[in-house]
1. In terms of modelled amide H atoms, which long-range or inter-chain residues lie less than 5 Å from the amide H of MET365?
2. Can you divide the C-alpha Rg of segment 181-241 by 2.2 N^0.38 Å and report the result to two decimal places?
3. Students often check this: by mean Cβ neighbours within 10 Å, which of 724-733, 678-687 ranks highest, and how do the rest follow?
4. With r as the distance between the Cβ atoms of GLU259 and ASP616 and R0 = 41 Å, compute the FRET efficiency 1/(1 + (r/R0)^6) and round to 0.05.
5. From the P(r) of the chain, could you give the percentage of C-alpha pairs in the tail past 46 Å?
6. Among ILE313, VAL302, TRP379, which residue has its Cα positioned farthest towards the positive end of the charge dipole of segment 283-396, with +1 placed on the Cβ of Lys and Arg, -1 on the Cβ of Asp and Glu, and the dipole taken about the Cα centre?
7. Provide the per-residue ³J(HN,Hα) series for segment 304-309, in order, calculated from phi with Karplus coefficients 6.51, -1.76, 1.60 and θ = phi - 60°, each as a whole number of Hz, with x at glycine and proline positions.
8. Please work out the C-alpha center-to-center distance from segment 144-163 to segment 520-586 and express it in whole Å.
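The values are calculated or read from the model by the stated rules, or taken from the named source; none is laboratory data. Keep in mind that what you see is a predicted model, and the values were worked out from it rather than measured. In this analysis, Cβ positions are derived from the backbone assuming ideal geometry, glycine residues included, and neighbour counts consider all displayed protein chains. Areas reflect the complete protein model, heavy atoms only, side chains present, ligands, DNA and RNA absent. Shrake-Rupley method; radii C 1.70, N 1.55, O 1.52, S 1.80 Å.
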Amino acid sequence: MFDDMRSFLRFIKKLFILGVVVVGLAAAGIIYYMEFQLPDIKELNTVHLQVPLQVFTHDGKLIAEYGEIRRIPVPYDQIPKQLINALLATEDQRYFQHPGIDIPGLMRASIKLIATGRKEQGGSTITMQVARTFYLTRHKTFGRKLREILLALKIDHTLSKQKILELYLNKIFFGSRAYGVEAAAEVYYGKSLNQLSLDQFAMLAGLPKAPSALNPLTNPIAAKKRRDHVLQRMLEVGYIDKKSYDKALAAPLNAHYHELQTEIKAPYVGELVRQQLQQMYGDEVYTDGFKVYTTVDSHLQVLANQVVRDGLITYDQRHGYRGSEGNLGVPDLKQMEEWEKKLDNIPIVNGLEPAVVIDITTNTMTVLRANGSLLTIPWQGLSWARKQINEDLLDRFPKTAGEIAKLGDLVRITPGPQGYRLTQVPKAEAGIVALNPVNGQILAMVGGFDYQTSKFNRITNANRQAGSSFKPFIYSAALEKGYTLATIINDAPVVVENPNDNSLWRPQNSSRRFYGPTRLREGLILSRNLVSIRLLDLTGISYAVKYSQKFGFTKGQLPPNLTLALGTAMVTPLQMASAYAIFANGGFKVVPYAIDSIQQGEQIIYQAKPLSACMDCPQPEEKAKPDPTHAPRVISPQNAFLITSALQDVIQNGSAKQARVLNRKDLAGKTGTTQNEVDAWFAGYNREIVTITWLGFDHEQRSLHEYGAQAALPMWIDFMQTALKNHPEQPILQPPGIVSVRIDPQTGKRTNAHDPLAKFEYFMSPFVPEEDQSTLTQDNTTAAHDDSINNPGGVY
């Protein structure tokens with residue numbers, strides 16, 4: 001008997017040893033599998049979450065965000081403790097105690113599976129959810145669950161508990177395109193995490209279980225029930241007291257969808273950058289956490305936005321009130337709620353808010369707004385609204401509000417310095433671009449009145465006739481050929497025959513008058529068309545076309561005929577800014593650019609290195625090797641100086657005299673108006689900034705019925721007045737090779753100090769007129785003029 005007992009015990013001992021060996025081998029197999037078959041967990045320390053493309057101003061203000069998801073990664077130490085407690089109380093109470101898996105939880109899930117035959121509970125910890133989210137699918141199988149458990153053990157062994165929580169809270173989906181807790185806080189509450197209350201933390205903590213089914217926007221009842229459950233668990237575990245619980249439980253759900261809150265309105269800049277990034281890096285720009293810092297100055301961009309908005313509204317209101325956008329019928333108290341819904345569905349266009357007229361007195365108009373409030377507009381906000389008969393004819397100013405609108409009219413209103421005003425969405429469009437002439441940085445850009453209404457960027461993509469703003473390039477070409485600002489050109493009628501159909505072209509000045517012999521300086525500052533045409537013909541059309549290409553215009557943009565002198569070249573405002581920058585910086589061709597740097601994570605992967613104008617450098621010798629950091633010189637500093645000198649006179653004594661209100665002597669510029677006032681321009685600058693303003697209709701043949709000095713110049717003045725505030729004047733520097741001599745303004749000849757009519761004029765030293773120099777006069781060129789008129793294309 002004892003022998004049998006000893007044999008049994010020996011058997012048990014062997015069986016135990018065998019069991020230990022089997023368990024050991026199994027453990028070794030698991031360890032081997034974990035170490036060599038499972039993914040490398042260390043990469044979680046440097047994991048790159050899918051983060052959308054973000055575009056910022058140069059000073060770090062958010063312009064735009066692009067991507068299908070919204071995610072803002074946040075480190076663990078910036079995640080509020082109450083949010084972590086809310087999550088742990090509901091998802092994983094023993095998180096800081098277990099080794100990545102919770103045995104009691106797995107046991108409960110197993111018992112439930114045996115009892116029901118259904119995989120209703122997974123017993124997953126937060127660590128297991130991290131394993132599944134980063135490495136596995138959500139398909140429920142026993143094999144996947146085993147890998148999930150093994151991965152969780154490995155993750156817990158490799159990473160800190162804090163790091164695992166950080167990964168979890170930044171990775172998981174919270175519904176409504178929000179990934180991660182920071183994005184969820186912004187989507188549902190329009191706040192950052194550290195601004196949320198306890199009830200809001202509880203709502204967010206309840207979402208990971210079923211972000212679609214528990215979404216507070218689509219299923220507020222289920223969301224509130226889940227939030228209250230989270231609060232109950234926090235109370236039971238001891239994370240909050242009864243007072244805090246009761247207060248949070250009584251709080252309304254108050255979750256609403258919040259669009260991304262940008263800091264600076266610059267959508268045309270953002271879209272330009274997005275397109276460039278797409279070309280550089282492909283679709284990965286939308287997910288790989290690219291942060292782009294542009295060249296845009298946030299203060300100048302805000303100013304540009306306001307200038308375009310105000311300039312267009314002011315222009316539009318000068319041309320009368322076109323009437324309401326529709327009529328909703330006679331006001332009825334029963335319809336008010338329905339009208340509010342209709343108004344809520346009508347977009348606000350650049351601050352121009354839709355409203356319905358519900359009451360009219362002699363001098364006031366009361367309107368209903370989308371938020372249900374009533375607003376009374378006084379007469380000072382209505383009196384501008386003369387009826388527009390057609391594009392250029394207006395009725396008299398209204399005497400009563402009843403002449404302007406009727407009950408039920410759908411109108412637009414906008415706030416102003418003296419209260420709300422009646423307004424309307426402008427039909428015309430406008431744009432502005434400001435450039436740093438030293439290196440081409442785009443400092444501000446607005447491509448239209450409202451980006452949501454029209455995404456077409458008129459600064460970069462609209463090819464429009466430049467009008468008289470193109471004349472400085474024709475004059476620059478003439479100076480290069482030896483003409484001077486004192487050269488006399490006859491401002492007299494010109495007739496040009498078109499050899500194709502024998503038609504005659506008879507160009508005129510805008511004043512419909514002729515002024516006889518005119519110095520080139522006068523011709524430019526007073527924008528004399530006939531002087532420009534004759535000068536182009538004397539310079540040579542082919543020469544002027546080739547010369548103008550130095551400024552960045554292409555041959556295809558430049559018509560090879562005399563109309564080029566009147567600005568028939570089709571150019572974009574950005575091209576004009578780049579071209580005028582050459583005058584501003586003393587002759588260097590800089591390339592406009594908007595991207596200053598690109599950052600991915602903590603690494604800068606791109607830094608702009610623009611070629612810069614060396615504005616104070618001496619002109620190099622012809623054979624000297626150019627400095628590779630300098631922009632190429634395309635015109636001489638003497639040529640740039642002379643054109644700038646004349647364009648400064650445009651502001652002081654010419655077609656842009658309104659700009660004298662800026663009280664600066666360092667500004668230069670040129671108005672531009674195309675035939676039939678279709679396009680209005682002003683291009684102006686000093687050594688610090690080049691600014692181009694344009695106004696016109698997208699339909700190219702529709703007249704503005706205003707010149708550039710009326711429509712575009714006021715926007716330029718308003719922008720430059722603030723942009724240059726507290727900036728000292730930067731007078732143009734006279735380069736070597738420029739001399740100033742007295743001339744007779746009637747003949748352009750050199751004269752002496754005793755001449756009471758003498759004026760000083762600048763010349764390039766090789767072209768200084770002698771005192772007895774013969775120059776062209778009206779008398780000795782008349783015959784040539786008359787003979788040339790009958791020749792096809794001939795003109796002087």
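1. Here the answer is ILE377, since their amide H atoms fall under 5 Å of that of MET365.
2. On the way: Rg = 11.3 Å, N = 61, 2.2 N^0.38 = 10.5 Å.
For segment 181-241, the normalised Cα radius of gyration comes out at 1.08.
3. Working: 724-733: 12.4, 678-687: 26.5.
Order by mean packing, descending: 678-687, 724-733.
4. Details: r = 47 Å, r/R0 = 1.15.
Efficiency at R0 = 41 Å is approximately 0.30.
5. Numbers: 144460 of 316410 pairs.
In whole percent, the long-distance tail amounts to 46.
6. Going by the charge dipole, the pick is TRP379.
7. 4, 4, 5, 5, 5, 4
8. First find each Cα centre; the distance between them is then 70 Å.
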